[in-house]
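**Student:** Handing you this structure, nothing more for now.
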Amino acid sequence: MSGKRQFRIWRGDESGGDLQDYMVEVNEGEVVLDVIHRLQATDAPDLACRWNCKAGKCGSCSMEINGKPRLGCMTRMSTFGDDETVTVTPLRTFPIIRDLVTDVSFNYEKARETPAFAPPADVAPGDYRMQQVDVERSQEFRKCIECFLCQTVCHVIRDHEENKQAFSGPRYFIRAAELDMHPLDARTDRKEYAQAEQGLGFCNITKCCTEVCPEHIKITDNGIIPMKERVVDRRYDPLVWLGSKIFRRGETPQTSVTTARQGSATPGSARGGVHSHAGGSHDSQAEAQAQSGVNWHREVPHPTAPAVDDRGKLPLTELTFDRAAAPSPFGDDVTFPLPPEHLNFAHPEQDNKH
Amino acid sequence: MTTTTRIERHHYDVVVIGAGGAGLRAAIEARLAGKKTAIISKSLFGKAHTVMAEGGAAAAMGNVNSRDNWQVHFRDTMRGGKFLNNFRMAELHAKESPQRIWELETYGALFDRTKDGKISQRNFGGHEYPRLAHVGDRTGLELIRTLQQKIVSLQQEDQREFGSYDARIRVFSETTITELLLDGDRVAGAFGYYRESGEFILFEAPAVVLATGGVGRSYKVTSNSWEYTGDGHALALRAGATLINMEFLQFHPTGMVWPPSVKGILVTESVRGDGGVLKNSDGKRFMFDYVPDVFRKQYAETEEEADRWYTDPDNNRRPPELLPRDEVARAINSEVKAGRGSPAGGVFLDIASRRSADEIRRRLPSMYHQFKELADVDITAEPMEVGPTCHYVMGGVEVDPDSGAAFGHVRGLFAAGEVSGGMHGSNRLGGNSLSDLLVFGKRAGGHAASYADGLTARPKVAVDEVEAAVETALAPLQRDTGENPYTLQQDLQVVMGDLVGIIRREGELADALVRLAELRERVAKVSAAGGRRYNPGWHLALDLRNMLVVSECTAKAALERQESRGGHTREDYPAMEPKWRQVNLVCALDGDTVQLTRKPLPKMRPELIGLFDRAELAKYLTDEEIADFDALVADAGEADNR
Ligand SMILES: Cc1cc2nc3c(=O)[nH]c(=O)nc-3n(C[C@H](O)[C@H](O)[C@H](O)COP(=O)(O)OP(=O)(O)OC[C@H]3O[C@@H](n4cnc5c(N)ncnc54)[C@H](O)[C@@H]3O)c2cc1C
Ligand code: SF4
Ligand code: SF4
Ligand code: FES
């Protein structure tokens, strides 16, 4: 399968830049990073790109490939169609330095603010005793290779520069979670810290971070949600309440449905599902999609059409329905008044932009 | 020109070049000693090579087999290095590793555990007992992250005390040092550039710790990253220090061989430690045919015995797949040469038929992941294809074993980790590096701090030296007539891979020296396109001269040493020669030519040599040395009778 392939790579620096086209040779078994190396050795010797291990272990080669945050060294060329153009751009959430290299110092600042491990006062080195089952929970988070893909994909900062001050991002939520679950950590306020100082409350469990994590760390299910659930000041975070409720029903928490609307699915078309302002569409297709795809651009939830049958009527009669009246148009899991943090204003013309 | 070049200046007490395990541990120690410390790294903080280490860190804690202790570890290390190790370093390493590992737990490390809650330890090639503290197969990540987080915690202390995280310890990431600056024979500072901006930076400091890692990028098939261009080795040479044992390179027996783009990437030895076996294209477990005499006693002779060993190591001998790396690499090489290799030119490493899929996924998660994603191979269902890859350089800066201070005519220079030489002799045992980083990182950091304390006046950086450094650094950008640095690097890799590879021959080595001299001319004229901002072509152009001088050291020493030992195999001198065991080859720089001298090895102290069997020693030592040993034993016997 070797042959020339079309690449579009963003070149430029903080003052601007654009996508440039390259035709590059690609051989069997190669990954995107190999192709970038070939370009450096031939057409573009000064093409800037970070890498170290070439084996998915160091987290240096993060980039956005066809719009998805990925590790260049773990993205095989065989995953693209033979005549598909591969577009490579730098991580969007961080300031550009040059070409594919971004300034990720935001992450190191947040790392520095997160209180370190507090060793137990009365245990001497060599006397630490822990059971494997107990360390495993924290070990999952310590697999993190600090690629910052979860940080770049999280909408809280991806589209909102102004949130960076108050929001540490998923990487540092799991750092807090890891210490919280450390069998011998002497501090007991990790969750409260995450809530009060790291901006855990901003997270509305879209799970995009989990989707992109190359180490397959269950950032939301095993890190963020347990912390949200147990954080002392529950009033602080309306989603805790919602999240746990949705969970009990064995469903994926969904607080902002996003890309489910694609193609012909305009509001009003029969797509099924109960609309909820909290975003729970209860539309299994949309949910599956939201799970497999990534929440690139958060939008306010769109109304979903009611689940009508082929006559265009709601498929229910009072006889077969399990309740005495029609379901709430806002979704069964929403009660009023809505918490103010949860009100989400959608501009009436937002659809016309697309 | 230089007057117009802006140079950022910093003052520190201790500058640590390198942010891998050794560098971070050294910096922690210097900071704990109250010194203002800088850490410099070519890549981002936490991405140094140490992050890639998989198997584990060797320390005789005796958690899994209580018979393990420092003496046994010391013996294994000396054996592995074929007795060419600096015995004092091997001794300190064996004695201090357990403390260094336990200390990591107080920094927050979470190793895998035994049933009774202690740190679990795993088997590895050349180690008599299960000895490697590990976290799945990502031990290096755990180690570097732990140290990184310890540094953060020190910075948080400083923030509370002085209002600034950077008050006493600061990390300069993506910064490359190109030159050490001297005041007479004393280190006065280090000069380099920020990779991101291309701006220059000058550190004035009386003490510098080198922890820059290895040299593997001079080879095409390597497990090493772009960082491994031998910078520290070259900086030390140019500052007047010496390198030893540069002929010894470790080729790890199991690198990936397919697909071509990942050729060289490591398959951890734990695959074999956990039951994986090597087979040739006939399906034969060939390692039984390659057990050398010196190891005959410790290794199983039948597959049945070898298989029993995994569950009952006390009553069976170990499988030959776990021989030291040099032996396994050579065996694979021979099988492939004899036409019994795999389709992609390696051999088969099979764990699928020996362990359940669940167990493989649990014990080797990152290997499972790596093969799945890079080669589309499911290691729980089919065997891997593997072959030797350039992995580790045993040679390095010649140091004082206790303090890590560099020999030669320079003061204030210290080295630890892969960049230092001596500890591993002619061949490193797996797992001995991570513990080496901690033991000697701590020592070098501590001694650098006390050296800085002991000075009455700070050495001064000379202006003209800085100007010269600026000029050298900018030269490739200002030329546009020279060659592309990538072409030069490829040519260098061809010379080293073809002529100074696993198996070496006199004619080829001589040829290599001629070609390296030609390359030196070309490298002197290299030009880099583009500007100063994050320009990898320019960075490589500057690294090339380091790769070149280090390659010259390796080729020269390899030509000189007329025997085969550990990581140095001469086809024309296939045997190990006791006379050569008494010799270290020392490289120094005279002007810009590499000078080679022979230096006798320090003599092992009686109580240490007494730890070995006479029969074993007889395989390594000369007749005179054996006579000495006998006299010693006789003396001791008399002393007992008295
Ligand atoms: C794939 C792989 C697996 C391994 N597995 C194991 C194992 O299981 N057990 C074991 O014991 N060992 C293992 N090793 C070996 C071990 O990881 C290395 O020897 C060790 O990590 C080296 O550490 P170090 O601190 O000396 O240097 P490194 O961790 O390599 O750090 C070098 C640092 O120096 C910096 N640097 C270099 N040049 C410059 C310069 N000019 N200016 C500024 N900074 C510079 C780099 O940026 C980097 O931060 C493995 C190695 C590899 C490649
Ligand atoms: S779940 Fe969504 S909002 Fe929360 S941290 Fe992850 S990406 Fe950000
Ligand atoms: S949690 Fe996953 S995605 Fe986030 S930085 Fe770590 S490895 Fe990367
Ligand atoms: S290069 Fe290390 S993760 Fe890609």
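**Student:** Using only the Cα atoms of region B:78-185, build the gyration tensor, take square roots of its eigenvalues as a ≥ b ≥ c, and label the shape rounded, prolate or oblate: rounded if a/c is under 1.5, else prolate if a/b is larger than b/c, else oblate.
**Tutor:** Values: a/c = 2.47, a/b = 1.31, b/c = 1.89.
It is oblate, given that a/c is not under 1.5 and a/b is not larger than b/c.
**Student:** So, one more: Using only Cα atoms and rounding to the nearest 10 degrees, what angle (0 to 90) does helix B:139-162 make with the longest principal axis of chain B?
**Tutor:** Once rounded, the angle reads 40 degrees.
**Student:** Within a 10 angstrom radius of each residue's Cβ in A:133-145, how many Cβ atoms of other chains show up on average? Whole number is fine.
**Tutor:** 4
**Student:** Right, next: Please give the direction-averaged projected area of the C-alpha convex hull for region B:3-43, in square nanometres with one decimal.
**Tutor:** Details: hull surface 14.1 nm².
Orientation-averaged projected area of the Cα hull: 3.5 nm².
**Student:** Give me a comma-separated list of calculated 3J(HN,Hα) values for region A:116-123, in order, Karplus coefficients 6.51, -1.76, 1.60 applied at θ = phi - 60°, integers in Hz, x for any Gly or Pro.
**Tutor:** Karplus values, whole Hz, x for Gly and Pro: 6, 3, 10, x, x, 5, 10, 10.
**Student:** OK, next. Go through region B:578-584 residue by residue and turn each phi into a ³J(HN,Hα) via Karplus (6.51, -1.76, 1.60, θ = phi - 60°); whole Hz please, and just put x for glycine and proline.
**Tutor:** x, 4, 5, 5, 7, 10, 9
**Student:** Cα gyration tensor of region B:253-388, axes a ≥ b ≥ c as square roots of the eigenvalues: rounded (a/c below 1.5), prolate (a/b > b/c) or oblate? Please report the intermediate quantities before stating the final value.
**Tutor:** Details: a/c = 1.99, a/b = 1.24, b/c = 1.61.
Note, shape of region B:253-388 comes out oblate.
**Student:** Follow-up. Nearest 10 degrees is fine. How inclined is helix B:506-524 to the longest principal axis of chain B, computing both from alpha carbons?
**Tutor:** 20 degrees
**Student:** Give the lysines reachable from B:K460 as a straight Cα distance under 29 Å; neighbours fewer than 8 places away on the same chain don't count.
**Tutor:** Here the lysines satisfying the reach criterion relative to B:K460 are B:K35, B:K36, B:K42, B:K442.
**Student:** Here's another thing I want to ask about it. Tell me, which cysteines of chain B are without a disulfide-compatible partner by the Cβ under 4.7 Å rule?
**Tutor:** For chain B, the answer is B:C390, because their Cβ atoms have no other cysteine Cβ under 4.7 Å.
**Student:** Right, another one. B:G198's amide H: which non-local residues (gap 5+, or another chain) put their own amide H closer than 5 Å, with H modeled 1.01 Å from N in plane and none for Pro or chain starts?
**Tutor:** Close amide H contacts, sequence-distant or interchain: B:Y534.
**Student:** Please give, to one decimal in nm, the separation of the simple spin-label points placed at B:D312 and B:R479, each 7 Å out from Cα toward the Cβ.
**Tutor:** Output for this residue pair reads 6.7 nm.
**Student:** Oh, and also: Using the per-residue mean of other Cβ atoms lying within 10 Å as a proxy for protection, in what order, highest first, do the peptides B:377-387, A:155-165, B:36-46 fall?
**Tutor:** Highest mean packing first, the order is B:36-46, B:377-387, A:155-165.
**Student:** Here's another thing I want to ask about it. If you add up the charges near B:R361, with Lys and Arg at +1 and Asp and Glu at -1, over every other residue whose beta carbon is less than 13 angstrom from its beta carbon, what do you get?
**Tutor:** Numbers: positive: B:R355, B:R362, B:R363, B:K372; negative: B:D137, B:D274, B:D358, B:E359, B:D378.
With Lys, Arg at +1 and Asp, Glu at -1, the net is -1.
**Student:** Beyond 50 Å, how much of the Cα-Cα pair distribution for the protein assembly as shown remains, as a whole percent?
**Tutor:** So the portion of pairs separated by more than 50 Å is 23 percent.
**Student:** Still on this structure: Using protein heavy atoms only (no ligands, DNA or RNA), what is the total accessible area buried between B and A, 1.4 Å probe, nearest 100 Å²?
**Tutor:** 5300 Å²
**Student:** Given a cut-off of 25 Å, name the pairs among A:K54/A:K143; A:K57/B:K263; A:K4/A:K68; B:K297/B:K599 whose C-alpha atoms lie farther apart than that in the structure shown.
**Tutor:** B:K297/B:K599
**Student:** By per-residue mean of other Cβ atoms within 10 Å, what is the highest-first order of B:9-22, B:70-83?
**Tutor:** B:9-22, B:70-83
**Student:** Counting only residues 5 or more places away or on other chains, whose amide H sits under 5 Å from the amide H of B:S420 once H atoms are built in the peptide plane?
**Tutor:** Here B:V397 satisfy the definition.
**Student:** Ok, one more. Amide H neighbours of B:T178 under 5 Å, counting only residues 5+ apart in sequence or on other chains, H built in-plane at 1.01 Å?
**Tutor:** Sorted by chain and number, the residues that satisfy this are B:F191, B:G192, B:Y193.
**Student:** Give me the one-decimal nm value for the distance between modelled label points at B:A468 and A:E109, 7 Å along each residue's Cα-to-Cβ direction.
**Tutor:** My value for the distance between the label points is 4.1 nm.
**Student:** How fast does region A:108-238 diffuse by Stokes-Einstein, in µm²/s, taking the Kirkwood radius from C-alpha pairs at 37 °C and 0.692 mPa s? Walk me through the intermediate numbers first.
**Tutor:** Values: Rh = 15.2 Å.
Using the Kirkwood radius from Cα pairs, D works out to 216 µm²/s.
**Student:** Hey, another quick one. For region B:394-408, what does the Karplus curve 6.51 cos²θ - 1.76 cosθ + 1.60, with θ = phi - 60°, yield as ³J(HN,Hα) per residue in whole Hz, taken in order and with x for Gly and Pro?
**Tutor:** 6, x, x, 4, 6, 10, 6, x, 6, 10, x, 6, 5, 7, x
**Student:** What is the distance, in nm, between label points placed 7 Å from the Cα along the Cα-to-Cβ direction at B:E303 and at A:D159?
**Tutor:** The two pseudo-label positions are separated by 6.1 nm.
**Student:** Please list, by residue number, everything in region B:349-382 whose backbone N is under 12 Å from a paramagnetic label point 7 Å out along Cα→Cβ of A:Q132.
**Tutor:** B:359-360, B:362-364
**Student:** At each listed q (0.11, 0.16, 0.17, 0.22 Å⁻¹), what is the log10 of I(q)/I(0) that the Debye formula gives for region A:3-102 modelled as equal alpha-carbon point scatterers?
**Tutor:** Values, matching the q order: -0.28, -0.61, -0.70, -1.22.
**Student:** On to the next question. Would you work out if region B:144-272 is rounded, prolate or oblate? Take a ≥ b ≥ c from the square roots of the eigenvalues of the alpha-carbon gyration tensor; rounded if a/c is under 1.5, else prolate when a/b is larger than b/c, oblate otherwise.
**Tutor:** On the way: a/c = 2.22, a/b = 1.41, b/c = 1.57.
Oblate is the answer for region B:144-272, as a/c is 1.5 or above yet b/c matches or exceeds a/b.
**Student:** If I stretch the segment between B:D453 and B:L632 completely, what's the gain in nm (0.36 nm per residue apart, minus their alpha carbon distance), one decimal?
**Tutor:** Values: separation 179, 0.36 × 179 = 64.44 nm, distance 4.18 nm.
So the chain would gain 60.3 nm between B:D453 and B:L632.
**Student:** Taking every pair of Cα atoms in region B:476-597, average 1/r, invert it to obtain the Kirkwood radius, and report Rg/Rh to two decimals.
**Tutor:** Details: Rg = 16.6 Å, Rh = 15.6 Å.
That ratio is 1.06, to two decimals.
The values are calculated or read from the model by the stated rules, or taken from the named source; none is laboratory data. Source: prediction; values computed, not measured. Reconstructed Cβ throughout: ideal geometry from the backbone, glycine too, with neighbour counts over all protein chains shown. In case anyone asks, the SASA skips ligands and DNA or RNA and just uses the protein heavy atoms, side chains included. Shrake-Rupley method; radii C 1.70, N 1.55, O 1.52, S 1.80 Å.
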